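Below you'll find the structure I mean.
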Amino acid sequence: MRTFLKAGLVWSGILLSFACYGQVIPLGALPMQYNPAFAGEAGGPRFNFNLGLLTASRFRHNEYNLNTSYDQFIPAIRSGVGFSAGYFTSSFPYSSSSEGYKFSVAVAPKFSLKGKYTISPSLDLTYGSSATSWNPRPGTAKPLNLSGYHLLSRAAVLINSRKWYIGYSVDIPLHNTYQYYRYRLFGRSDISPERFNSYWQFGYTFQRSSESKFSFTPQLVFLTGTDRYNRYSRNSFRYFAPEAFSLNFRYGKFIWGANNAGFHLGMQTERVRVMVSNGFGRRGLVTSDGLGSDAYTGNLSFRYMLKQSRW
């Protein structure tokens, strides 16, 4: 047991040194976060919840996010269905404050290959709304309010077995008034921002046998995309970079490791999983936003299987 704990802490520290490419929500807290084809992947009805916090005392900055999701497999249509909802609020005193919410629905048909592998194409639709207020110090400038909404679809495919999975998803922007208003604010209402994002996601569970108490599961998400700010211009920025990761160790019901939101600890059974992630100011998520080394991030994640079943 001591050897397992030591290995877990060493690997978690190594990965955390590369950590945090801009995601506050830990990878794995919400199965459909990057790929809607995970809807129904567990078979039985599954409920997920994540509460996140980011604070920076230097700037008196506070940011909260609340996200929930529900998914299950429906035998009548041989497909998984999923629903997600999220809310966030962020504030900087005498600077700006923002809040927003989003809702999404996903459908993911399942096709079995020789009873060992599953292929699942998927499509989802997301609606989001957000509002931002600039609140300068009295007498320095006029307050400014900005709001808008966006529609986004995501096409995806997932290939998985009981031990590993490979997934790919691509964003399909349908409408984004918030970006339009943001650019109009700076006198560029004649352009329409375009953005292309796609995600590669991988995971594998290492375990000597199905009866073994110890296992560890590395997971990684890569973001590929292009930013183009003028549809009439050939200039664009292409990127391929790690987006999120998770390295989870498990011994019996006890889990620990590291993810893109920090170190995590928790417990997991066949039906329940509770996990707490903590990360202080460090290179990556926090300091890349200019919040300083005193910033803190924390997440509480919860998963509950309403009934145990495997389609």
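Looking at 73, 103 in this structure, which one is assigned to a strand (DSSP E or B), among the aromatic types (Phe, Trp, Tyr) and crowded, with 20+ Cβ neighbours inside 10 Å? Quick ask: steps written out before the conclusion?
Details: 103 fails: crowded, with 20+ Cβ neighbours inside 10 Å.
Exactly one of 73, 103 is assigned to a strand (DSSP E or B), among the aromatic types (Phe, Trp, Tyr) and crowded, with 20+ Cβ neighbours inside 10 Å, namely 73.
Can you say whether residue 89 is over 21 Å from residue 274 (Cβ atoms) and assigned to a strand (DSSP E or B), as far as the supplied structure shows? Before you say what the answer is, go through the steps one by one.
Values: over 21 Å from residue 274 (Cβ atoms): yes; assigned to a strand (DSSP E or B): yes.
Yes.
Quick check on residue 132: is it at pLDDT below 95, within 30 Å of residue 56 (Cβ to Cβ) and surrounded by 16 or more Cβ atoms within 10 Å (Cβ to Cβ)? Working first, answer last.
Working: at pLDDT below 95: yes; within 30 Å of residue 56 (Cβ to Cβ): yes; surrounded by 16 or more Cβ atoms within 10 Å (Cβ to Cβ): yes.
Against the criterion (at pLDDT below 95, within 30 Å of residue 56 (Cβ to Cβ) and surrounded by 16 or more Cβ atoms within 10 Å (Cβ to Cβ)), residue 132 qualifies.
Of a type in the set (Phe, Trp, Tyr), part of a strand (DSSP E or B) and within 17 Å of residue 44 (Cα to Cα): does that describe residue 83? If you could, list the steps in order and put the result at the bottom.
Values: of a type in the set (Phe, Trp, Tyr): yes; part of a strand (DSSP E or B): yes; within 17 Å of residue 44 (Cα to Cα): yes.
Against the criterion (of a type in the set (Phe, Trp, Tyr), part of a strand (DSSP E or B) and within 17 Å of residue 44 (Cα to Cα)), residue 83 qualifies.
For residue 137, indicate whether it is modelled with pLDDT of 85 or more, assigned to a loop (DSSP other than H, G, I, E, B) and not polar (S, T, N, Q).
Working: modelled with pLDDT of 85 or more: no; assigned to a loop (DSSP other than H, G, I, E, B): yes; not polar (S, T, N, Q): yes.
So residue 137 fails the test.
Let me ask you something else. Among what's in the range 241-257 and is charged (D, E, K, R) and within 22 Å of the chain's Cα centre (by Cα), pick the residue that is farthest from residue 211 (Cα to Cα). Explain how you work it out, then say what you get.
Step one: of the range 241-257, the residues charged (D, E, K, R) are 243, 250, 253.
Next, from what is left, pick out any that are within 22 Å of the chain's Cα centre (by Cα): 243, 250.
Details: 243: 33, 250: 13 Å.
If we take residues in the range 241-257 being charged (D, E, K, R) and within 22 Å of the chain's Cα centre (by Cα), then 243 is farthest from residue 211 (Cα to Cα).
Name the strands (runs of 3 or more DSSP E) wholly inside the range 256-311 in which the number of residues that are modelled with pLDDT of 75 or more and over 19 Å from residue 65 (Cα atoms) is 3 or more.
On the way: elements: 262-268, 272-280, 296-305.
Here the list reads 262-268.
The values are calculated or read from the model by the stated rules, or taken from the named source; none is laboratory data. Remember, it's a predicted structure, so these values are computed and weren't measured experimentally. Every residue, glycine as well, gets a Cβ built from its backbone with ideal geometry; the counts of neighbours run over all protein chains shown.
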